[in-house]
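For reference, the structure is listed below as structure tokens.
The values are calculated or read from the model by the stated rules, or taken from the named source; none is laboratory data. Treat the numbers as computed from the prediction; the structure is a model and nothing was measured. Please note: Cβ atoms are built from the backbone with ideal geometry, for glycine as well, and neighbour counts cover all protein chains shown. These area figures cover heavy atoms from the full protein model, side chains too; ligands, DNA and RNA do not enter into them. Shrake-Rupley method; radii C 1.70, N 1.55, O 1.52, S 1.80 Å.
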Amino acid sequence: MKKRTMKLMALLTASALVCTCVPFVAYAEEAEATESDAGEATDADASASDAAEAAYETTETDGGVITIMQAGANEVLVYYPNDNISETSAVKTTCTAPVFMVFGSGKYDTDTASAYAVESGLAALAAENGSSVVFVNPVGDTWSEEDAEAYGTIAQLINDSSTDSSENGITVSANYLTGETEVKVVGTQSRIYIYAENEGADYVADVALKTVEAATFWGGTVNVTPAGVTLSGLSDTEGVEENDIPVVSIGNSEEANAVLEENCGSVLTVDAADYTAEYEEVIGNNRRQAGVLLPIYDYAAEGIVETVETYTVETTEDNASDAYAGTEEHPISVVTYYAEDLDVENGNVPLVLCFHGGGNTALFEAQATEWPLIGKENGFITVSVDLHYPNCTAGEIVELIEQLEEKYSIDSTRIYASGFSMGGCKSWDLYEQYPEIFAGLAPMDASYEPAVDSYGNAVENANSDVIVPVFYVGGETSPLEELPSQAEKLVDRLSNLFEVNQVTKEYNCSFDAQDEWENSIWGVNGDITYQVTDQKAFLDSTLTVELFQSEDGNYYTAVANASNQSHEVYARNSWAAWDFLSQFSRQEDGSIAISEVTYSLSADDGSVVDNSYNVEAAE
């Protein structure tokens, strides 16, 4: 075996996709769902819409619309500003839309809430980010023990599914499990920013300046600790616990500030409120993922061009979406990223496509995976495809690539794709239907059975002999099926991958005989095993990568299990995937060329030092 040096990218934080960002993950459903099932779902949604009028009331007000609804025992007023970017953007903003939550001294009505939103600048911030300002009223005249559950209850009402239709920042749908009508606020739980005054500030200090958990739709809890808090008129700090929350303290006492500084992640003290400036400086710079506070990347500041683009493709016969099935053509909107100094007109640069999870968005996928940052570091274009599921087939993605090649100087031998959840299934679609186009693929956290596409339909002439470099990742603690130990379809997928990539090691594992497996997760051990530990964000998670040799002596097949990772995106996985995929190119004759990069670790102690992601040889 050739001895080469494995390159591990030095950089940056890992990110994760909170489970509730994918509320109804299609790959977890049975592929053979019947038309009657779909009809029942449609009827349920219609019933939910019929019940909507009784669930809330809407009033037009200064500069926007206010929706009044109940969150448990508390009344909530949702101010949705006019000229909202969510109405004009070519890509969905739901999964990146912050929720600005206001707790005052007493109760707001439509007039006082509207005036506060506009005069404070929160209305403008909400409009710029595709979101709303949420005013929470106490049960009584002011905050008391009756309101103890108010914050957690309201956090549960935040809905960031890109597939749910909304009006004035509100979604109304039937609960997938119970069929009951649910009225929710558009936004993401990962970006809850609280603004509280006087008695409201005391309430927030007591219930939200600490770790806060809320229930998920599939059981268990999700962390809904706010990603930023602004407090004024704070007098009671007794309930504050140690936390990582960035806080802006406006005109509070030295005693109160001392408690905040001792317990909170960071504290900015100011004499007077300037919500816009404070948002740009502190509050709006973080999001929370699986409980961990992570940065929100300002791509312009990072020296990265970020452009929303829309292309028109011919609709393929297998497009089964409600929006485009039967049409002659339809739009595909994407977000394109590349370094400012990268020559995308004459540079012949690689291309990486990334596909988000079901119910998610292109904007969030780019943030969570860090593919734009990896692209800047390594000189490639990243294109994050919006609403690819359920709107875009594999054939339409190929036409998108052709149009991207017309606009940009793309190296046709170095085209790659990666995706999470339903985006992982889309990556498998490309593996099976158009393998000759790609130099490598990194599907993550999902698979259908081989020869079944992401719509659950059989694939004719599925790839059986075109070798495709693949880097697959699954989360060990996911409630959904991502690893062979979790589902037979993953056993079948791995068996298929071994056969197509001509892996020398036999894969004849039976899902029902796991007690006989030599590897408790994959069934068989890799010919080479190494580990990638997350040094920046999710410190308790380790990615164990198994490499399998093919008949020609090369390693085209990598599968990896991530410890302590649920159904989430960790950016560490993207960096590790690129380290593997970057060595491959697809030549004009269809063969795979490999650069001088392999998996022998360079340091004497079996590790690579001075990297954000540390790599160690596994025994």
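Relative intensity of region 412-534 on a log10 scale, I(q)/I(0) at q = 0.15, 0.16, 0.19 Å⁻¹, equals -0.68, -0.78, -1.11, per a Debye sum over C-alpha point scatterers of equal strength in the absence of solvent. Between amide H atoms placed 1.01 Å from N, distances below 5 Å from Val99 occur with Thr188, Arg191, Ile192, Tyr193, all of them 5 or more places distant or on a separate chain. Here the label points at Ser253 and Gln514, each 7 Å from Cα along the C-beta direction, are separated by 5.7 nm in the simple model. Accessible surface calculations at 1.4 Å, restricted to protein heavy atoms, place the chain at 39 Å² per residue. Measuring against 28 Å, Cα to Cα, the residue pairs Lys376/Lys536; Lys92/Lys407; Lys92/Lys210 contain Lys92/Lys210 as the ones spanning a longer distance.
Compute the convex hull volume of the Cα atoms of the chain, divide it by the residue count, and report the result per residue in Å³ as a whole number. Please report the intermediate quantities before stating the final value.
Numbers: hull volume 99.1 nm³, N = 619.
It comes to 160 Å³ per residue, whole-number rounded.
Ligands, DNA and RNA left out, the 1.4 Å accessible surface of region 353-473 is 43% carbon and sulfur atoms.
DSSP assigns beta bridges within the chain; of those with both partners inside it, close to 60 percent run antiparallel. Residue ranking by accessible heavy-atom surface, 1.4 Å probe, largest first, among Lys92, Lys210 comes out as Lys92, Lys210. If you take the Cα centroid of region 410-461 and the Cα centroid of region 302-318, the two points sit 18 Å apart.
Note on region 222-381: antiparallel DSSP beta bridges, both residues inside, total approximately 60 percent of the bridges counted. For region 488-527, the set of GluC sites (Glu not before Pro) satisfying both a DSSP loop assignment and a count of at most 11 other C-beta atoms within 10 Å is given as Glu506, Glu518. For region 364-440, the Cα-based Rg and Dmax, in that order, read 12.2, 32 Å. Of the accessible area of region 252-344, computed with a 1.4 Å probe over protein heavy atoms only, carbon and sulfur atoms account for 42 percent.
The accessible surface of region 68-151, taken with every protein chain in place and a 1.4 Å probe, is 47 percent carbon and sulfur.
Full-extension gain between Leu177 and Asp589, please, as 0.36 nm times their residue separation minus the C-alpha to C-alpha distance. Each step should come with its number before you reach the end.
Working: separation 412, 0.36 × 412 = 148.32 nm, distance 5.05 nm.
Stretched fully, the Leu177-Asp589 segment lengthens by 143.3 nm.
Here the alpha carbons of region 413-471 define both size measures, Rg and Dmax, at 10.4, 30 Å. When the P(r) of region 46-198 is calculated, the portion above 27 Å amounts to 16% of the C-alpha pairs. Computed with a 1.4 Å probe over protein heavy atoms only, the accessible area of Glu340 comes to about 120 Å².
Hydrodynamic radius of region 145-203 by the Kirkwood approach over all distinct alpha-carbon pairs: 13.2 Å. Taking one quarter of the surface of the C-alpha convex hull of region 450-517 gives a mean projected area of 5.6 nm².
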